[in-house]
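*Asks:* Just passing along the structure, written as structure tokens.
The values are calculated or read from the model by the stated rules, or taken from the named source; none is laboratory data. Here the structure is a predicted model, which means the values were calculated and not measured. Note that each Cβ is placed from the backbone with ideal geometry, even for glycine, and that neighbours are counted across all protein chains shown. All accessible areas refer to the heavy atoms of the entire protein, side chains included, with ligands and DNA or RNA removed. Shrake-Rupley method; radii C 1.70, N 1.55, O 1.52, S 1.80 Å.
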Amino acid sequence: QAVEQKTGIAKSQADYQKVYDAIAESLEVEGYDDGSVAPVLVRLAWHCSGTYDDKDKTGGSNYATMRFKPESAHGANNGLNYARDHMEKIKAKFPWISYGDLWTLGGVVAVQESGGPTIPWRAGRIDGFEHHVTPDGRLPDAAQAEDHLRFIFNRMGFNDQEIVALSGAHALGRCHTDRSGFEGPWSFSPTTFSNAYFDLLLNEGWKWRKWNGPAQYEDKKTKSLMMLPTDMALIKDRSFRKYAEKYAKDEGVFFKDFSDAYSKLLELGVPKAQFPSQSWHMGGEAK
Ligand code: CCH
């Protein structure tokens, strides 16, 4: 099915596949973090979607409101200018794509090309205006615990199982002192999407790191990995822990549940009528 973009020219899945390919080719960036922009593209896709409030239907990925000053300056979005600037180069080649489609497709490419599951995705988001920006405080605060996680993610419409599944994205990437104040990667291979986050969370020994930065954990053995207070809440809370254990044991189950929850996340706030009826499988072979 074709999707009508604002240019009025209908685009097909094949057109979006070209955008996918261009993003995939752009992921490796020598000298940037661990050599890939995939992690920060996942964070952009998540933060542009996670502002959704299921009660009043505001926020979400539809209008790509992080382009506007109030939202781009929200503390939770520190450092995402890097990801947005990166995506501008793709936008220059495909000016017909909406920012919401571009950023969420970036999040799909980043997960899939890092070895993660296939993420059903479809085009249809439209560019909105500054008045669509939602208030600060809709994204999670890493210094908090399980009650806060439930408060934030229930607002988006996610349950305990989906909260834990989505958190597994922290297998990718790292914290930066100049962005969030926290420091370090969660896993030994931060450019590979896997269930390593759950395995490490449950099976490594963790203690508070002694440093001048915000309270975070470090692994006792190598002192090279980190966990946020919110990460640790996933094994302290009994309901959350059940799912963390399941995902640590079975990567296939994690991949399936992550794919479902992430696909749902990337569509938050988009009226169904804007989408073609079927989701697409972009990129490589289905896993
Ligand atoms: Fe996250 N995340 N995240 N996160 N996140 C950070 C980085 C990444 C929280 C806090 C932080 C999700 C959920 C949560 C990624 C994906 C997801 C950072 C460091 C903090 C702090 C930012 C920095 O300094 O650069 C908290 C709290 C939650 C609560 O649940 C979810 C959900 C996802 C995706 C599905 C990814 C990927 C990164 C790495 C970014 C990078 O630049 O390497």
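*Asks:* Hand me the list of helices (runs of 4 or more DSSP H) wholly inside the range 21-110 holding 3 or more residues that are free of Cβ contacts under 8 Å to residues at least 12 places away in the same chain.
*Replies:* Values: elements: 38-49, 69-72, 80-93.
By residue number, 80-93.
*Asks:* Tell me, please, whether a residue that is within 18 Å of S26 (Cα to Cα), open to solvent by less than 10 Å² (accessible area, probe 1.4 Å) and in contact (Cβ under 8 Å) with a residue 40 or more places away in the chain can be found in the range 113-127.
*Replies:* Start the filter on the range 113-127 by keeping residues that are within 18 Å of S26 (Cα to Cα), which leaves 113-116.
Within this subset, residues satisfying the condition of being open to solvent by less than 10 Å² (accessible area, probe 1.4 Å) are 116.
Now narrow it down to the ones that are in contact (Cβ under 8 Å) with a residue 40 or more places away in the chain: 116.
Yes; the residues of the range 113-127 include at least one that is within 18 Å of S26 (Cα to Cα), open to solvent by less than 10 Å² (accessible area, probe 1.4 Å) and in contact (Cβ under 8 Å) with a residue 40 or more places away in the chain.
*Asks:* Okay, moving on. P214 - would you say it is modelled with pLDDT of 95 or more, in a loop (DSSP other than H, G, I, E, B) and open to solvent by less than 60 Å² (accessible area, probe 1.4 Å)?
*Replies:* Numbers: modelled with pLDDT of 95 or more: yes; in a loop (DSSP other than H, G, I, E, B): yes; open to solvent by less than 60 Å² (accessible area, probe 1.4 Å): yes.
Criteria met by P214.
*Asks:* Let me ask something else. So K207 ticks every box in (1) under 16 Å from A38 (Cβ atoms); (2) more than 8 Å from the ligand (Cβ to nearest atom) but one. Which box is left unticked?
*Replies:* (1)
*Asks:* Still on this model: Mind checking whether some residue in the range 270-280 is surrounded by fewer than 17 Cβ atoms within 10 Å (Cβ to Cβ), within 30 Å of T65 (Cβ to Cβ) and without any contact (Cβ under 8 Å) to a residue 12 or more places away in the chain?
*Replies:* yes
*Asks:* Specify the residue that is farthest from R125 (Cα to Cα); the eligible residues are those in the range 65-88 that are aliphatic (A, V, I, L, M) and near the ligand (Cβ under 10 Å from one of its atoms).
*Replies:* At the first step, the residues of the range 65-88 found to be aliphatic (A, V, I, L, M) are 66, 73, 76, 80, 83, 87.
Next cut, near the ligand (Cβ under 10 Å from one of its atoms) only: 76, 80, 83.
Details: A76: 23, L80: 20, A83: 19 Å.
Top of the filtered list is A76.
*Asks:* Further, regarding this structure: Just name the residue that is nearest to A261 (Cα to Cα) out of those in the range 139-148 that are open to solvent by 30 Å² or more (accessible area, probe 1.4 Å) and part of a loop (DSSP other than H, G, I, E, B).
*Replies:* P140
*Asks:* Sticking with this structure for a sec: Condition test on D136, is it modelled with pLDDT of 95 or more, in a loop (DSSP other than H, G, I, E, B) and not polar (S, T, N, Q)?
*Replies:* Working: modelled with pLDDT of 95 or more: yes; in a loop (DSSP other than H, G, I, E, B): yes; not polar (S, T, N, Q): yes.
It is true that D136 is modelled with pLDDT of 95 or more, in a loop (DSSP other than H, G, I, E, B) and not polar (S, T, N, Q).
*Asks:* For the range 179-192, indicate whether the set of residues that are more than 19 Å from V111 (Cβ to Cβ), touching a strand residue (DSSP E or B) at 6+ places or on another chain (Cβ under 6 Å) and among the acidic types (D, E) is non-empty. Outline the logic, then answer.
*Replies:* Taking the range 179-192 and keeping what is more than 19 Å from V111 (Cβ to Cβ), we get 179-184.
Still in the list and also touching a strand residue (DSSP E or B) at 6+ places or on another chain (Cβ under 6 Å): 182-184.
Adding the requirement that they be among the acidic types (D, E) leaves 183.
The answer is yes, given that some residue of the range 179-192 is more than 19 Å from V111 (Cβ to Cβ), touching a strand residue (DSSP E or B) at 6+ places or on another chain (Cβ under 6 Å) and among the acidic types (D, E).
*Asks:* Give A2, A83 a once-over and let me know the one that is modelled with pLDDT of 95 or more and either within 24 Å of G168 (Cβ to Cβ) or surrounded by fewer than 24 Cβ atoms within 10 Å (Cβ to Cβ) (or both). Full working, then the answer.
*Replies:* On the way: A2 fails: modelled with pLDDT of 95 or more.
Exactly one of A2, A83 is modelled with pLDDT of 95 or more and either within 24 Å of G168 (Cβ to Cβ) or surrounded by fewer than 24 Cβ atoms within 10 Å (Cβ to Cβ) (or both), namely A83.
*Asks:* Within the range 149-180, take every residue that is open to solvent by 20 Å² or more (accessible area, probe 1.4 Å) and not in a helix (DSSP H, G or I) and give me the one that is nearest to R43 (Cα to Cα).
*Replies:* Only one residue tops the list, namely R174.
*Asks:* Could you count how many residues in the range 217-241 are under 12 Å from Q144 (Cα atoms) and assigned to a helix (DSSP H, G or I)?
*Replies:* Summing the residues that are under 12 Å from Q144 (Cα atoms) and assigned to a helix (DSSP H, G or I) in the range 217-241 gives 6.
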